[in-house]
Amino acid sequence: MSRKFIPLSVPHLKGRELELVTHAVETEWVSTGGPFVNEFENNTAQYVNSKSAVSVQNGTSGLHIALQICGVTNDDEVIVPALTFIAAVNPVRYIGATPVFMDCDDSLCMDADKLSEFCVNECSFVNGKLVNNKTKKHIKALIVVHVFGNMGEMEKLMEVADRFNLTVIEDATEAIGTYYTEGQFKGRYAGTIGKVGVYSFNGNKIMTTGGGGMIVSDDEELLRKAKHLTTQAKSDELYYTHDEIGYNYRMTNLQAALGLAQLEQLERFIETKKQNYYLYQQLVKDIPGLSILNFNSRIRSNYWFYSLYVGDEYPLDRDQVIKFLASKQVQVRPIWGLINEQKPYLGSQSYQIERAKDYWSKVVNIPCSSNLGKEDVLYVIECLKNHR
């Protein structure tokens, strides 16, 4: 068998990236000024059918701003998933608020049923506010993460949020291009159902600007506030007058140039990822103990990451699979460590974290780049079949 190195997830830069970045350099618009930033914001908003968008330096800064514009303060609590990348939760601490951790369902996204149980059994709804019975604090918001290009059960999650007056922030950093194909939110993209949505264009995402992210919302006043905060909160740009604490979070013209070229190719990337996903899923069926986790049947996923579930019947455990594939020049990774078990969050409140623990111990992400070839998929499968 070939010993060619197969990376987990790398950019696919075969469109107009060089042309647009070169134009930015030649015109000397390389910082946060320049026409590509506004164009990328407009094109992204148009793609996801949002009224408007505000660019940021990364998804983390986008979530930080989203919490602020939604009015979350250091007196509040925010319900967050235990199974996600820690960048989804750290912004809660940036503003001094307190996270409360929730379990996942079989989509790897937040368990809507447990969320409802927690709100009913562990909280009180007083004067339009959900109050945590344990801490006596106001639970102001809910961060829903659409994991690996999947999409949470937004009908149930929004019903709970509406019932208990929770502001929903969608962490769609892994899910640009994912949308519902049926139900109440048919045609609605990940990131456009809650109050505010955030995307990431990190180097390993389905489309990239190197770093970078985007905030979207149909509330244009919130986005005006977001743009104000991300550009150092200038109330008078000529005389450098600032009316509150702002941030240097705006995307650069160079990043936006890259993003425009990537967005043009996004649907093609999704189609390639879809084909490889189903090829993996079909071939893994012949290997006892292994399976590829499904995406929500009611969505068109962007198929960003593929989750290999290593069951007890397979002769290798998760860590042995990672080590073995690395020896075969195949880059894979475990799912993230549960955030409520990370040192900065020890002692934080969590509610019935059960499924997340199982998926943490059993899931391995396998190569999924949008330039992954059929022969690469076949090689990975052959390695898994001949695990020696």
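Read-outs: derived from the displayed coordinates by stated rules, not from any lab. Small disclaimer: the values here were computed from a predicted structure and weren't measured. Positions of Cβ are generated from backbone atoms using ideal geometry, with glycine treated the same way; all protein chains shown enter the neighbour counts.
For the stretch 108-183, the relative contact order works out to 33 percent when only alpha carbon pairs closer than 8 Å and six or more residues apart are counted. Close amide H contacts of R333 (hydrogens built in the peptide plane, cut-off under 5 Å, sequence separation of 5 or more or a different chain): N365.
Rg to Rh ratio, the stretch 75-136, alpha-carbon atoms and Kirkwood radius? Rg/Rh: 0.98. Inter-part distance, the stretch 17-66 to the stretch 99-159, computed on C-alpha centroids, equals 32 Å.
Helix content alone sets the calculated 222 nm mean residue ellipticity of the chain: runs of n ≥ 4 DSSP H residues at -39500 (n - 2.57) each, divided across all residues, give -10500 deg cm²/dmol. Near G59: Cβ cut-off under 12 Å, other residues only, Lys/Arg at +1 and Asp/Glu at -1. The net charge is -2. Would you mind telling me the antiparallel percentage of the DSSP bridges in the stretch 155-229, rounded to 5? Around 60 percent antiparallel, to the nearest 5. Taken along its three principal axes, the alpha carbon spread of the stretch 265-385 comes to 46, 35, 24 Å, from the longest extent down to the shortest. For a straight C-alpha distance cut-off of 20 angstrom, the lysines reachable from K357 (same-chain residues fewer than eight places away being disregarded) are K114, K343.
From the residues S370, T231, M214, which one has its Cα farthest along the dipole of the chain in the positive direction, the dipole being from +1 and -1 charges on Cβ of Lys/Arg and Asp/Glu about the Cα centre? Ranked along the dipole, the leading option is S370. Beta bridges from DSSP with both residues in the chain: antiparallel share about 60 percent, rounded to the nearest 5.
Based on the reciprocal of the average 1/r between different C-alpha atoms, the Kirkwood radius for the stretch 16-123 equals 16.9 Å. Annotation note: trypsin sites (Lys or Arg not before Pro) in the stretch 265-360 located in DSSP loop regions with a Cβ neighbour count of at most 13 within 10 Å are K285. Averaging the sequence gap over all C-alpha pairs within less than 8 Å and six or more residues apart, then dividing by the number of residues, gives the chain a relative contact order of 24 percent. Label reach from Q352 (point 7 Å along Cα→C-beta): in the stretch 142-159, amide nitrogens under 16 Å belong to 157. A simple charge model with +1 on the Cβ of Lys and Arg, -1 on the Cβ of Asp and Glu and nothing else charged puts the dipole of the chain at about 800 debye relative to its Cα centre. Taking other C-beta atoms within 10 angstrom as a stand-in for reagent exposure, H387, H64, H138, H146 fall in the order H387, H138, H64, H146, fewest first. For a straight C-alpha distance cut-off of 16 angstrom, the lysines reachable from K362 (same-chain residues fewer than eight places away being disregarded) are K323. Across the stretch 172-188, coupling constants 3J(HN,Hα) worked out from phi with the 6.51/-1.76/1.60 Karplus curve, θ = phi - 60°, read 9, 4, 10, 10, 5, x, 7, 8, 6, 10, 7, x, 4, 9, 3, x, 8 Hz, and Gly and Pro carry x.
Highest mean packing first, where packing is the average number of other Cβ atoms within 10 Å per residue, the peptides 210-220, 10-20 line up as 210-220, 10-20.
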